[in-house]
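Step one of this worksheet: look at the structure below.
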Amino acid sequence: MNFYKMNDFQNIKITQFTFTLILLLLGFGSAKASMHSKDTLSSNSFHFIYLEDDCDLCGCTTSGGSASFGDLSLSNFIGLRYIYQNFESRDGIFNNSPKSKEQFNTYQIWGRVPLSESFFLSAIIPYQDLTRDFNNRTEHINGLGDINIMGWYQFKLYKKKQETAGEMDFVVERERSNHTLNFGLGLKLPTGEFEERLSDKINPGFQVGTGSLDVFSTLVYGYKKSNVGFVTTLAYYLKTENKNDYRFGNQFSYAAATFYDLNFEKSILKPMLGISGDVYGSIEQFGEELAETNGSIFNGSIGSEFVSGKFLFGVKYTLPIDQNLFGGNVESKNNLSFYLNYAL
């Protein structure tokens, strides 16, 4: 049973918008590629932005992580990513209450391009395909999700200058530090359809989009020396009310990951271990908080990236360690993602 249908006019507008955004990403990337050629695929460079994976479903309580705008190696790229999430929801407080099993499939075009030496632009265009199985029926919705656009500022950090007595002063290029710090500010656009009647179901997160314009900010710190790297992120999402007087709760996300570069003759393998978590505020409708719609989740993840030339292939598996979503009525099972990026 398909509850989500779009008319021909909407399809034309979405196709045009998506195509235009892709052209902009490619155009900016080509224009600035020479400026940042040192950043691509070098095991010694540390100009990446990495955040935990997220289905970017609708920014709701069951998203399972913060928005992701990059990988462990490529600072400037365009790529494709697939994310699978699995949930189980219980409609009631008893052990024998009816349950539903939900599969969230997200297909994304994503990329990050330089605008100058310190400013960057990221974008994610998601397509959602969601299925919910009950004992006697199946529900299915699909369509364009909420597009994310984000601007980044990269702080330039340098190693401390070493002064030698008696040495003549002359201008030299300062050496970049092993530390990196990035700040991002972005918008989540209401391009995905929000269906009010679905919000009364067991899992209100079963939506293609939120129908709201949301703002989020992110701080990314990383350190890399030799073949070992570490990166941590903090993000906060400020969500607004949509036209249905429905507002998903604000969200705080955090993540940390460590990785190791295994260098081969013409390729690099990057195994990684990480943790991530989210804390969600309560959903509001008509200005009133809805009971048992807040919560938190803490995840562990394992994965790896393989770099060859300008191509990067990544895979990551995420498993909840501790969670309390919708008063325990929604349980996240796991999260699996694959991505293929091309360096610009």
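Taking amide hydrogens as placed 1.01 Å from N in the peptide plane, the amide H of GLY192 sits under 5 Å from those of ASP146, ILE147, THR210, GLY211, each at least 5 positions away in sequence or on another chain. For the pair the stretch 103-154 / the stretch 253-277, the C-alpha centres are spaced 22 Å from each other. Note that the stretch 259-276 has calculated 3J(HN,Hα) couplings of 9, 9, 8, 9, 8, 10, 4, 10, 7, 9, 10, 10, x, 9, 10, x, 10, 7 Hz, one per residue in order, obtained from phi through the Karplus relation 6.51 cos²θ - 1.76 cosθ + 1.60 (θ = phi - 60°); glycine and proline are x.
Measuring against 23 Å, Cα to Cα, the residue pairs LYS101/LYS239; LYS224/LYS310; LYS101/LYS243 contain LYS101/LYS239; LYS101/LYS243 as the ones spanning a longer distance. Close amide H contacts of ASN299 (hydrogens built in the peptide plane, cut-off under 5 Å, sequence separation of 5 or more or a different chain): SER276, GLY277, ILE321. Using the Cβ-Cβ distance between TYR236 and ARG176 with R0 = 25 Å, the FRET efficiency computed as 1/(1 + (r/R0)^6) comes to roughly 0.35. On the beta carbon distance between SER267 and ILE302, with R0 = 22 Å, the FRET formula returns roughly 0.60. Here the simple spin-label model places points 7 Å from the Cα toward Cβ, and for ASN244 and SER118 these points are separated by 4.3 nm.
The amide H of LEU344, built 1.01 Å from its N in the peptide plane, has ASN76, PHE77, ILE78 as neighbours under 5 Å, considering only residues 5 or more places off or on other chains.
Only the coordinates and a few stated rules stand behind these numbers; no lab work does. All values reported here derive from a predicted model rather than from experimental measurement. Quick reminder, even Gly has a Cβ in these numbers, built from the backbone with ideal geometry, and neighbours come from all protein chains shown.
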